[in-house]
1. Roughly how many Å is it from the Cα centre of the range 247-299 to that of the range 389-403, as a whole number?
2. Set the bar at 21 Å for Cα to Cα. Now go through 322/392; 126/163; 370/401 and name every pair that lies beyond it.
Amino acid sequence: MNTTTLVNLANFWLNPIIATGFYIFLMLLSGHTITTVTAVTPAFIIVLTLVLLRDNVLGTSVFDIVSTKKSNTLLPLSALCGAVLLLDLLTNNEFRVSKNVTLMWILGLPIITVVCHLSVSYFLRKRYKGEKDNSLPRAAIIGGNHVGNRLSRELQNNPLMGKRFVGFFDDRPIERLDNIAAERLLGTAKDAVRYAREGKIDVVYIALPIAAQVRIFDLIEALQDTTVSIYFLPDIQIFDLIEARFDTLNGIPIVALCQTPFYGLNAIKKWLTDIVLSVIALVVLSPLMLAVVIAIKLTSPGPIIFTQQRYGLGGDIINVYKFRSMYFRPDEDKTTVKQATKDDPRTTPIGRILRRSSIDELPQLFNVLKGDMSLIGPRPHAVAHNEEYRKKIKGYMLRHKTKPGISGWAQVNGLRGEIRNDADIQDRIDYDLDYLRCWSLSFDFWIMFRTLWVIIVGNNAY
């Protein structure tokens, strides 16, 4: 049995086998026996796993397994655990299996799934590298650029591809090609057409630059006189992309080059996470927030909450709440916003503590509940600063394709506090856009964890 067949079997059966097998193992470990009655829950698990995880593919890394962009196992796995727990509670032990078995299964299943995915993936990749399967379609790449190089590595190392890579075709000499061995260069683009006509290759990937439109058309026309399968790899990475993907609009093919990652199910997951965690945070932190309210009221005159206008989702102006950390000046000019600096004389004694510990940001949990902000996202800047930076920094306004956050990817990487020069704001924008490109729910949780550490260390906030 070749590796491609094993991969197809793993894609379909691995998750059902893991989920059901682990449950049966825990049953036997707890002293239960397999009978018609006790087999009801395992049967329910295998059917539900086939339904919920039928479109999953074999994960090849921990991030790949839990990511929302790849195999997307985390959400359906959570739904599976919830359904089994609900079945256990509703049936009130009618299937004669201890509830401890279900609890241990729910707690252990994510770990077992990750371990099994990584182990099976490692085995299949190792087997694939040593396998000479002449039944696989022979694939060649026209264009020895970075896109072609990346595809060649996948074809050679990933059994999920189901192709046998034979080499490159490029009109340039080998000296001008990066990271391509001489034996892998089979000839020019015209030679690729000859190989196709002689039946030496089955699949052709055209990885030429978009600018070479005439050459691409000529190649496709020539290759259409053969029986090879033809694929075009557009080098869309030449653009500064966010959430790039191929799509159709009422049957018309389009390429999305710049789009928010928070649409459809992703938007619902992000919103639910924000609401649930904000409510929990407000309940847990309410004694601390009450103490801060009292401290501000007793130490300096003025309002407890400071409100400032910032840009939100889509560039709309929102009111952002903070605990007041500076002396109240009713006659202060509200049109100009001066950044807080180290040892700023405007900051109150209690305000220094609040700002250094980021406790002054806690009222923004109410912004999250209002729907103006998110727990994680690019930090909002004052409107006056926004208008200044958008003129200096390319792609600055793209950060507003999502709601601003209480914490963000830039902040947990040390970019907090005063913006001293254009390089500071450029670094923050780079991190903000990187967040949009790489977003997943697990990424948000990682930033939350990192935020706690940054607060403890307390660098750059004053």
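Every read-out reported here was derived from the displayed coordinates using simple, explicitly stated rules and does not represent laboratory data. Keep in mind that what you see is a predicted model, and the values were worked out from it rather than measured.
1. The range 247-299 and the range 389-403 have Cα centres spaced 19 Å from each other.
2. Details: 322/392 28 Å; 126/163 16 Å; 370/401 18 Å.
In this structure, 322/392 exceed 21 Å between Cα atoms.
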